[in-house]
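Each remark here refers to the structure printed beneath this line.
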Amino acid sequence: MAYSKTNWKDRVVEKPLTFTVQNNPDGTITLIPAEGQIIEGGTPLTALIMNNLEKQYDEAVAWVKKYGIGGNAGEIPGNDANNITESGNYIAALTANTPSDFGSIIHIARNNDAGQIFIPTAGLYTMLVRRRNGPTWSGWRELITDIAPTWTNLPLQNGATSNAGYPIQYTKIGNEVRLRGMLNGNVPAGTIFGTLPAGYRPGAPYMYLTTHDGTIALTAKIHVAASGVMTLLSKTGDTHVTYVNTDFIT
């Protein structure tokens, strides 16, 4: 946005606001400037100059709105979040280098450093951030909020059932997956009882020791594969419930 500035100058005269009076035949008078010597003519106030000011105002508003301030969010150059260089708000739609297909980006530019905040369209109360140091962007990291997590029931397999009132459920806080619930006592050792969906699986096979019926005298061992498959490997009692409670990093 190019702006043609006007170099404004005040009018300077020897006798400012000085006039002579001319009496007219119709009884009116005319004030005739008697300023003396004109030291500086000043900048004339013309329609051309005033229209230029109006034009620059409209262009300034349009320029600001282009970056999503005071209007709809701006478009991302080349539909790649790495290409954004100007601070502002942007719409992401199947955009490269974003953590989700659709959302909004707030870009904060500062010399060779920059920061971005991503708000997914489908992620209520979810925000992710990343930072650029020189030419290299960090990965996206989700911000953890104080909103209570949403628990999802794990579909059980191979005849496995949960104890009444304690369904097998999973949730995720940041990159930490949490499990809770109880398997019924009639689920035999060796049973594959469920499969965690993608995004809720451990980065490597994970095995943990848990208890039967809330007592440490009876134990069970559960294995979670990197594929999400959950297996009740062993247990020391056949009739007691098995606690599935655990947590791990994805």
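The values are calculated or read from the model by the stated rules, or taken from the named source; none is laboratory data. Everything quoted here is computed from the prediction, not taken from an experiment. All Cβ positions, glycine included, derive from the backbone under ideal geometry; neighbour counts span all protein chains shown.
Summary table below
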{"read-out": "Leading residue by the ranking (surrounded by the fewest Cβ atoms within 10 Å (Cβ to Cβ)) among those in region 78-102 that are at positive phi and not in a loop (DSSP other than H, G, I, E, B)", "value": "Gly78"}
{"read-out": "Single residue of Leu179, Leu209, Leu156, Leu183 found to be more than 37 Å from the chain's Cα centre (by Cα), on the phi < 0 side of the Ramachandran plot, in contact (Cβ under 8 Å) with a residue 24 or more places away in the chain and assigned by TED's automatic domain parsing to the domain that holds Ser227", "value": "Leu183"}
{"read-out": "Exclusive hit being farther than 24 Å from Leu196 by Cα, modelled with pLDDT under 95 and either out of contact with any Phe, Trp or Tyr (no Cβ under 9 Å at 6 or more places or on another chain) or not assigned by TED's automatic domain parsing to the domain that holds Val229 (or both), set Glu86, Glu142", "value": "Glu86"}
{"read-out": "Yes/no for Gln169 being surrounded by 14 or more Cβ atoms within 10 Å (Cβ to Cβ), at negative phi and in the same structural domain as Val241 (by TED's automatic domain parsing)", "value": "yes"}
{"read-out": "So Leu45, is it part of a loop (DSSP other than H, G, I, E, B), of a type outside the set (S, T, N, Q), at pLDDT 80 or above and surrounded by fewer than 11 Cβ atoms within 10 Å (Cβ to Cβ)", "value": "yes"}
{"read-out": "Residues satisfying the stated conditions in region 12-34, i.e. surrounded by 10 or more Cβ atoms within 10 Å (Cβ to Cβ), out of contact with any Ser or Thr (no Cβ under 6 Å at 6 or more places or on another chain) and in a loop (DSSP other than H, G, I, E, B)", "value": "Glu14, Lys15, Pro16, Thr18"}
{"read-out": "Enumeration of residues in region 163-202 that are of a type outside the set (A, V, I, L, M), part of a strand (DSSP E or B) and within 18 Å of Leu233 (Cβ to Cβ)", "value": "Thr191, Phe193, Gly194, Thr195"}
{"read-out": "Meets criteria (β-branched (Val, Ile, Thr) and closer than 16 Å to Ile168 by Cα) for Thr195", "value": "yes"}
{"read-out": "Qualifying residue in region 135-152 (condition: outside any loop (DSSP other than H, G, I, E, B) and of a type in the set (Gly, Ala, Ser))", "value": "no"}
{"read-out": "Residue match in region 109-118 (condition: under 23 Å from Val177 (Cβ atoms), at pLDDT 85 or above, touching a strand residue (DSSP E or B) at 6+ places or on another chain (Cβ under 8 Å) and surrounded by 13 or more Cβ atoms within 10 Å (Cβ to Cβ))", "value": "yes"}
{"read-out": "Condition check for Gly78: under 30 Å from Arg130 (Cα atoms) and in contact with a strand residue (DSSP E or B) (Cβ under 9 Å, 6 or more places away or on another chain)", "value": "yes"}
{"read-out": "Residues located in region 226-244, provided they are in a loop (DSSP other than H, G, I, E, B) and surrounded by fewer than 17 Cβ atoms within 10 Å (Cβ to Cβ)", "value": "Ala226, Ser227, Thr236, Gly237, Asp238, Thr239"}
{"read-out": "Hits in region 212-250 - residues which are over 21 Å from Thr152 (Cβ atoms), out of contact with any Ser or Thr (no Cβ under 6 Å at 6 or more places or on another chain) and polar (S, T, N, Q)", "value": "Thr215, Ser234, Thr239"}
{"read-out": "Qualifying position, being among the basic types (Lys, Arg), farther than 29 Å from Arg132 by Cβ and part of a helix (DSSP H, G or I), among Lys55, Lys65, Lys9", "value": "Lys55"}
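Yes/no per residue for (1) of a type in the set (Phe, Trp, Tyr); (2) out of contact with any Cys (no Cβ under 7 Å at 6 or more places or on another chain); (3) surrounded by 13 or more Cβ atoms within 10 Å (Cβ to Cβ); (4) modelled with pLDDT of 95 or more:
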position	(1), (2), (3), (4)
Arg201	no, yes, yes, yes
Tyr206	yes, yes, yes, yes
Leu209	no, yes, no, no
Val224	no, yes, yes, yes
